[in-house]
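Chemist: Would you mind keeping the following structure in view while I ask a few things?
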Amino acid sequence: MSDGGPNRGGGRDSGGADRESGSGSAGERRGGRGSGRPAQGRGSRDRGRRPDSQRTASRPADRSRGGDPARRAAYDVLRSVAATDAYANLVLPPVLTERRIRGRDAAFATELTYGTLRLQGRYDAVIAHAAQRDVGSLDAEVLDVLRLGAHQLLGMRVPGHAAVSETVGLARATCGTGPSQLVNAVLRRISERSLPEWLDLLGAEADDETARLAVTQSHPAWVVRAMRSALARTGPGDGDLEALLEADNASPSVNLVVRPGLAGPEDAPDAVPGRWAPTALVLRGGDPGAIEAVRTGRIGVQDEGSQLVALAAAAVAIEGADHTWLDLCAGPGGKAALSAALLAARAPDGRFVANEVAEHRARLVERSMAAVRQVLPGIEVRTGDGREIGTSEPGRYDRVLVDVPCTGLGALRRRPESRWRRSPSDLATLGQLQRELLTSALAATRAGGVVAYVTCSPHLAETRFVVEDVLKRTAGATLVDAVEVLAGVSAEPLGDLRGPYVQLWPHRHGTDAMFLALIRA
């Protein structure tokens, strides 16, 4: 899956670099349950009674000039995401670190940022109603402030008066006095209705069911239609479409991967076992970067679904040699590191090649692989176009993982910007690239070896349609039942899957919507 555009031979582990630590408890701040009393403005937050580890380290003078640090951080991240096409999960952590925003303040800023981005479509419709004007007529800076205020009012446990007053203060500091008056008026109108009342109003005005779900569940209409089609191939379709869209809008848990031979569950004492992958842990709270084993790379941050497909790719039975593996699109390295650790357990003298087209992402792979080199010296990280490997190294590898660039529609919980950046026109470009990469992977695999085709998108045009098209043009290649293979590695039965493909879902499995096809060359 790509980071934002076609990536020839590059890929991205959904969740592999997605740290959203603490977001699950973010709503407990600013007068929500757990704070002990309603917030009454900056002076009543009782910061002096917080343990030092839960306090933001900023001076009172800085607070008075810039407003609330957590809200200001969320605003600055939104502006950076809009201006540079950056991803919030990469922009927010350094902002929090540089500004010394910690504990509950960091959790609040995290939930405010991600929640606002996920629900942007819903909030824009609410803002348009309250402002009695199209949101396109608002300055971008003012609109971002309004979105942040709307999320506090409708999506977080922040008392209405605190949400309005603090957001107006943010508007005054960032946009000026005049715009702050508009923000005040619009947010007060928004606060006059509850979230269910707003959803009823927006839904009643929709032309059809797709439009209703698009506005109330904050997904572009084309994505709603695509999800409906994908669900129809794997389950009841419309019967759980809304549940899927709701799951896309929920804050995901932080999943850890215990890399075999390098660490054990005891190295992350604040985590509990995952449900499906035997390598998975779920962090109960806090920053994964605070765990020593994460800092050293013996444990990684990786979605459980991403772990499952890597485990299945390594578990397919093959005859003959099984010691030369390739990750064709390795960046940023989560699946590659897990796969290489699995190879080390099977063949300590094995050879693992991690290919990535982009140099900066290859450096991420190098960092992910650093600890694994302790148990598998034969690791090579290279930069190159994955489409050329089938020609330059035909039949060389026993196993090939090809995690292709994609729209990322299966990881919208962790990459909320993707739903607003992608369009149906991306599918044609990506589809051609996906076919070329899979064709190259099959050519690079020896007869009897196995290729694992993976995407973090459930869109049919990126999953089974690609696989079936390539198989028609590749003599001798046959599908392996991926559901059967996965059943052999999963800690619990995934009984609702239909072979030969594996399609995971956030609302059914609590993972990203990973797709897996296993092909014998």
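Chemist: Suppose R0 equals 56 Å; then what is the FRET efficiency for Glu484 and Glu98 from their Cβ-Cβ distance, rounded to the nearest 0.05?
Modeler: Details: r = 49 Å, r/R0 = 0.88.
Step by step, r from the Cβ atoms, then E = 0.70.
Chemist: Past the 21 angstrom mark, what percentage of all C-alpha to C-alpha distances in region 301-520 do you count?
Modeler: Roughly 51 percent, once rounded to a whole number.
Chemist: Find how much the distance from Ala345 to Ala475 grows on full extension, using 0.36 nm per residue of separation minus their present alpha carbon separation; answer in nm with one decimal.
Modeler: 43.5 nm
Chemist: Across bins of 5 angstrom width beginning at 0, how are the C-alpha pair distances of region 206-248 distributed, in whole percent?
Modeler: Per 5 Å bin, starting at zero, the Cα-Cα P(r) for region 206-248 comes out as 5, 27, 36, 23, 7, 1 percent.
Chemist: Here's another thing I want to ask about it. How high is the FRET efficiency between Ala321 and Arg421 when r is their beta carbon distance and R₀ equals 51 Å, given to the nearest 0.05? Mind dumping the intermediate values first?
Modeler: Working: r = 43 Å, r/R0 = 0.84.
With R0 = 51 Å, the Cβ-Cβ based efficiency is 0.75.
Chemist: Taking 37 °C and 0.692 mPa s as the conditions, I'd like the Stokes-Einstein D for region 83-152 in µm²/s, using the Kirkwood hydrodynamic radius from alpha carbon pairs.
Modeler: In µm²/s, the coefficient is 249.
Chemist: Could you work out how much longer the chain between Ala290 and Ala221 gets when fully extended? Use 0.36 nm per residue separation minus the Cα distance between them, nm to one decimal.
Modeler: Here the segment from Ala290 to Ala221 would lengthen by 20.9 nm.
Chemist: Taking every DSSP beta bridge that has both residues in the chain, what percent is antiparallel when rounded to the nearest 5?
Modeler: Beta bridges within the chain, antiparallel portion: roughly 55 percent.
Chemist: I would also like to ask the following. What's the long-distance tail for region 180-305, i.e. % of Cα pairs beyond 27 Å?
Modeler: That fraction is 48 percent.
Chemist: Highest first, please rank the peptides 74-85, 127-138, 346-357 by the mean number of other Cβ atoms sitting within 10 Å of their residues.
Modeler: Most protected by this proxy first, the peptides run 346-357, 74-85, 127-138.
Chemist: Hey, another quick one. Is it possible to state the helix-based mean residue ellipticity at 222 nm for the chain, with each DSSP H run of 4+ residues giving -39500 (n - 2.57), the sum divided by total residues, to the nearest 500 deg cm²/dmol? What is it? The partial results should precede the final answer.
Modeler: Numbers: 22 runs with 234 residues, N = 521.
Rounded to the nearest 500, it is -13500 deg cm²/dmol.
Chemist: Using only Cα atoms, find the angle between the long axis of helix 425-444 and the longest principal axis of the chain, and express it within 0 to 90 degrees, rounded to the nearest 10.
Modeler: Once rounded, the angle reads 30 degrees.
Chemist: So for the pair Ser137, Ala447, with labels modelled 7 Å out along Cα→Cβ, what separation do we get in nm?
Modeler: Result for the modelled spin labels: 7.1 nm.
Chemist: Would you mind checking the tilt of helix 88-98 against the longest principal axis of the Cα atoms of the chain, expressed as 0 to 90 degrees and rounded to 10?
Modeler: 60 degrees
Chemist: Another question about this same structure. What's the FRET efficiency of Phe465 with Glu366 using the Cβ-Cβ distance as r and R₀ = 35 Å, to the nearest 0.05?
Modeler: 0.55
Chemist: So how tilted is helix 69-84 from the main axis of the chain? Cα-based, degrees 0 to 90, rounded to 10.
Modeler: The answer is roughly 50 degrees.
Chemist: Between Glu393 and Glu359, what is the label-to-label distance in nm when each label sits 7 Å out along the Cα-to-Cβ direction?
Modeler: Roughly 2.1 nm, to one decimal.
Chemist: Taking just the C-alpha trace of region 375-470, give me its Rg and Dmax in Å.
Modeler: Final numbers for Rg and Dmax: 14.8, 44 Å.
Chemist: Hey, got the Cα dimensions of the chain along the principal axes, in Å, largest first?
Modeler: Principal-axis extents of the Cα atoms in the chain, largest first: 71, 52, 38 Å.
Chemist: Please sort by residue number the trypsin sites (Lys or Arg not before Pro) in region 449-521 whose DSSP state is loop and whose Cβ has at most 13 other Cβ atoms within 10 Å.
Modeler: Answer by residue number: Arg473, Arg498.
Chemist: A further question follows. Please work out the ratio of the alpha-carbon Rg of region 427-521 to 2.2 N^0.38 Å and round it to two decimals.
Modeler: 1.08
None of the figures in this text is laboratory data; all of them are computed from the coordinates on show. Keep in mind the model is a prediction, meaning the values are calculated, not measured. Reconstructed Cβ throughout: ideal geometry from the backbone, glycine too, with neighbour counts over all protein chains shown.
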